[in-house]
Amino acid sequence: MPQPAKGARLGGSAAHEKLLLNNLAKSLFEHGRITTTEAKARRLRPVAERFITKAKKGDIHNRRLVLQSITDKGIVHTLFTEIAPRYENRPGGYTRITKIGNRRGDNAPMAVIELVEALTVAQAATGEAEAATKRAVKEDALKKDETPVESVEDAKPAEADEESKDA
């Protein structure tokens, strides 16, 4: 049996919170970015990412699961045909929350939650290249740590040979 979240429920009961988050997710998928309070944005992130993950699978079962929460068929169609294919190669992290300061009337902390852009082929290649560079630097550092010990031992007899030649 699922356990409800502890603490305050964003303006009411657990049912009201669920409806509120589903409507926020619907608006996020419709517009790409929405401005809301930080608390609502933090609670919305896992809900929206779960919907996108279901849309990435793309089968009828997951479509029906999403339709239970987001009742607008047009937005669900957009989610499955346009938004999910964008994140095909991305393992998660489909949303970004950016704090934008406090609201004027009640000083509530506000944030923008938006769908991040999909990784382009160039960005993916750049990420792989950066990872390879980091691995190479680590390997070089390990080799340098091992090499000076051997080099110092090898260098001492060579220096002694040079001194004997000079004499």
Bin all alpha-carbon pair distances of segment 22-89 at 5 Å intervals from 0 and give each bin's fraction as a whole percent. 4, 18, 31, 26, 14, 6, 1
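Of all GluC sites (Glu not before Pro) in segment 1-110, which ones are in loop regions per DSSP and have a Cβ with at most 10 other Cβ atoms within 10 Å?
GLU88
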With a 1.4 Å probe and every protein chain left in place, tell me how much accessible area THR81 has, in Å² to the nearest 10. 70 Å²
HIS77: accessible area at probe 1.4 Å, nearest 10 Å²? 100 Å²
Can you tell me the relative contact order of segment 28-126? Whole percent, Cα pairs under 8 Å, sequence separation 6 or more. 38 percent
Heavy-atom accessible area with a 1.4 angstrom probe orders LEU28, LEU65, most exposed first, as LEU65, LEU28
Leaving ligands, DNA and RNA out of it, rank ARG64, ARG104 by accessible area with a 1.4 Å probe, largest first. ARG104, ARG64
Quick check: with the 1.4 Å probe, what order do ARG43, ARG96 take by accessible area, largest first? ARG96, ARG43
For a 26 Å ceiling on Cα separation, which of these pairs sit above it: LYS56/LYS99; LYS18/LYS57; LYS26/LYS56; LYS99/LYS138; LYS18/LYS56? LYS56/LYS99; LYS99/LYS138
Charge tally in the Cβ shell below 9 Å around VAL112, where Lys, Arg are +1 and Asp, Glu are -1, VAL112 excluded: +2
When all C-alpha to C-alpha distances in segment 54-120 are sorted into bins of 10 Å, what percent of pairs does each bin hold, rounded to whole numbers? 19, 36, 27, 16, 2
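The values are calculated or read from the model by the stated rules, or taken from the named source; none is laboratory data. All figures in this text were calculated on a predicted structure; none of them were measured in a lab. Because the Cβ atoms are built from the backbone with ideal geometry, glycine has one as well, and the counts that use them run over all protein chains shown. All accessible areas refer to the heavy atoms of the entire protein, side chains included, with ligands and DNA or RNA removed. Shrake-Rupley method; radii C 1.70, N 1.55, O 1.52, S 1.80 Å.
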